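Some notes on the structure that comes next.
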Amino acid sequence: MKNILSELSRKRKERQFKKKVLKEINWTPKDMTETINHGWNLDSSIAIVVYYSTKRMIEFGCSYPPECTPEEWKEILQQINEGMKIYLEDKWFFDFIDNKKAYEEKKQKVDKALELIKEWFYTLWD
C-alpha cells in the first residue's frame with residue numbers, strides 16, 4: 001500500500017511540474033502531446049522535449065558529466081533551456097521586423113543552445 005501511495009504522489013508531482021513548466025511558455029499538455037504525436041513542426045517537437053527535459057534535469061537531476069562540476073552542468077542546462085524557451089515563443093521571430101536588435105540577441109541565445117546540445121548531446125541523460 002505504501003508503494004502505491006508513493007507512486008501516486010510521484011505521478012501527481014510529475015503532472016504538476018509538467019503544467020508549471022508548460023505554463024511558462026503558454027503551452028498546455030495537450031499542445032505538447034499533439035505537436036509530438038502528429039509530428040507537426042518537428043522543430044517545435046524537438047524544442048519542447050528539450051525544453052521540458054532540461055528544466056526537469058535542472059530541478060531534479062542528480063548526475064552530471066565527469067568533465068563538469070555540478071554547477072557548470074546546471075549552467076549548461078540553463079543555457080540550453082533558455083534558448084529552447086525563446087525558440088518556443090512564436091513572437092520572438094517577428095522581432096526581426098519590429099526590433100532587429102532584440103531578434104539578434106534572442107537568436108544568439110537560441111544558436112548557443114543548439115551549439116550546446118550538439119556539444120553535450122551524449123551526456124543529456126540523468
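The values are calculated or read from the model by the stated rules, or taken from the named source; none is laboratory data. Keep in mind that what you see is a predicted model, and the values were worked out from it rather than measured. Using ideal geometry, Cβ is built from the backbone for each residue, glycine included, and neighbour counts are taken over all protein chains shown.
Couple of notes before you dig in:
- Only residues that are out of contact with any helix residue (DSSP H, G or I) (no Cβ under 6 Å at 6 or more places or on another chain), assigned to a helix (DSSP H, G or I) and either at pLDDT 95 or above or over 16 Å from Lys19 (Cα atoms) (or both) were counted in segment 39-51, giving 3.
- Looking across segment 98-126 at every residue that is part of a helix (DSSP H, G or I) and among the polar types (S, T, N, Q), the one that is surrounded by the most Cβ atoms within 10 Å (Cβ to Cβ) is identified as Thr123.
- Selection within segment 39-59 - in contact (Cβ under 8 Å) with a residue 12 or more places away in the chain and not small (Gly, Ala, Ser): Asp43, Ile48, Val49, Val50, Tyr51, Tyr52, Thr54, Lys55, Arg56, Met57, Ile58, Glu59
- Residues in segment 52-110 that are more than 27 Å from Asp31 (Cα to Cα), among the polar types (S, T, N, Q) and modelled with pLDDT of 90 or more: Ser63, Thr69.
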